[in-house]
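The next block holds one structure in the form of structure tokens; read it before the comments.
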Amino acid sequence: MRVFSFFLTAALFAQETTFRATVPVVLAPVTVTDAHGKLVDGLGIADFAVTDNGRAVRFQLDTSDTINVPVALIVAVQTNDLSAAALLKIRKVGALIQPLITGERGSAAVLAVDQQVSVAQEFTQDPTALTRAFQQLSPGRARKTVALDGAARAVEMFRARPAGERRVLLLIGEAKDRGSEATLEAVLEHLQRENIQVYSATYSVTRTQWTTKAADRPKPSGGENDILAGLAELVRLGKTNDAEALALHTGGKKIGFATLHSLEEIVSRVGEELHGQYLLSFPASAPEGFHAVSVQLREPGKRTVAARQGYWAVASP
């Protein structure tokens with residue numbers, strides 16, 4: 001199949017119901033890994049079981065290598081004062097984005113995030129422009145970094161894009177937000193509504209400093225369901241971090257890095273997963289509100305499944 005089968009599915013189910021959803025057909029990219037973290041291929045539709053609010057649903061299955069839909073990627077990079085050492089490494093991976101993640105048909109944009117969010121590069125298919133945008137990222141003076149506001153800005157940019165793209169947000173920065181107006185719960189809801197998968201590449205400011213050469217080290221400048229309820233409680237207790245929560249609930253992954261090599265491996269891993277995923281799709285259903293989604297292997301063995309954990313639906317007016 002050379003096109004997303006969920007478009008056909010949507011047309012068929014539209015004849016059976018007048019229910020409308022903000023995600024009319026739910027797309028669930030699924031990553032399956034073995035006990036050693038290697039991607040598992042060769043699985044078929046009979047190997048998976050999908051539930052929507054605990055109810056088994058019929059679904060379609062495609063693989064990334066059989067569909068011809070481009071990747072739209074936004075990379076949101078922390079650029080506050082504390083990011084100076086990490087940026088010495090981050091600036092060097094711009095050239096990897098096109099060959100490893102988006103490919104020639106895909107496009108990417110870059111956001112710089114400190115106490116505000118700015119567009120360092122609009123969506124482009126030009127690898128030279130992406131490389132330049134990364135190289136020009138520089139640390140600001142503020143200690144704040146509004147990562148959640150950056151994710152919210154990415155949602156707005158994706159909404160202006162054409163339909164039929166795979167939407168991916170790559171966050172590069174610390175695991176915790178520093179002063180956003182947007183809340184984790186609100187940002188997560190919008191990401192799920194827009195079918196955006198999040199990957200988080202995080203670092204510790206202290207550890208990054210220690211893996212930066214002394215000569216290069218910059219001087220500081222001084223100066224309504226169980227899933228959502230559980231997430232809100234973890235946030236209240238301070239037992240989760242924003243980067244991990246966004247990745248977990250959208251089917252992505254949080255991976256830490258301290259060196260340039262480990263960051264390069266993350267970029268490579270993200271590309272490998274995106275192009276090696278199973279793409280499950282099924283029609284959204286009533287009632288309105290958040291729907292918990294579960295994707296499991298019928299015989300998991302020592303294999304692990306990563307997939308989005310929900311979507312939002314609204315009733316017809």
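The values are calculated or read from the model by the stated rules, or taken from the named source; none is laboratory data. Note that the structure is a prediction, hence the values are computed from the model and not measured. Here the Cβ is made from the backbone with ideal geometry for all residues, glycine too, and neighbour counts use every protein chain on show.
Residues in region 41-65 that are among the polar types (S, T, N, Q) and in contact with a Leu (Cβ under 9 Å, 6 or more places away or on another chain): GLN60, THR63, SER64.
Inside region 141-166, residues that are surrounded by fewer than 20 Cβ atoms within 10 Å (Cβ to Cβ) and not in a helix (DSSP H, G or I) make up a count of 10. Tell me which of these LEU191 doesn't satisfy, since it passes every other one: (1) under 15 Å from ALA72 (Cα atoms); (2) aliphatic (A, V, I, L, M); (3) part of a loop (DSSP other than H, G, I, E, B). If we test LEU191 against (1) under 15 Å from ALA72 (Cα atoms); (2) aliphatic (A, V, I, L, M); (3) part of a loop (DSSP other than H, G, I, E, B), just (3) comes out false. Do you know which residues across region 167-190 are closer than 24 Å to GLY94 by Cβ and either at pLDDT 90 or above or exposed (fewer than 15 other Cβ atoms within 10 Å of the Cβ) (or both)? Correct list: ARG167, VAL168, LEU169, LEU170, LEU171, ILE172, GLY173, GLU174. With respect to GLU244, determine if the residue is modelled with pLDDT under 55 and not in a strand (DSSP E or B). So GLU244 does not fit the description; no. The residue pairs whose first member lies in region 41-61 and is on the phi > 0 side of the Ramachandran plot, whose second member is in a strand (DSSP E or B) and modelled with pLDDT under 95, and whose beta carbons are closer than 6 Å, counting only pairs six or more residues apart or on different chains, are ASN53/HIS291; ASN53/ALA292.
For (1) among the basic types (Lys, Arg); (2) under 24 Å from ASN241 (Cβ atoms); (3) in contact with a helix residue (DSSP H, G or I) (Cβ under 6 Å, 6 or more places away or on another chain), each residue gets a yes or a no:
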position: GLY94; (1), (2), (3): no, no, yes
position: PRO99; (1), (2), (3): no, no, no
position: GLU104; (1), (2), (3): no, no, no
position: VAL113; (1), (2), (3): no, yes, yes
position: SER118; (1), (2), (3): no, yes, no
position: ASP149; (1), (2), (3): no, yes, no
position: ALA152; (1), (2), (3): no, yes, yes
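The residue that is nearest to ILE196 (Cα to Cα), counting only those in region 128-172 that are out of contact with any Leu (no Cβ under 6 Å at 6 or more places or on another chain) and β-branched (Val, Ile, Thr), is VAL155. Considering region 279-298, the residues that are at pLDDT 95 or above and more than 22 Å from ALA245 (Cα to Cα) include one that is surrounded by the most Cβ atoms within 10 Å (Cβ to Cβ), namely LEU297.
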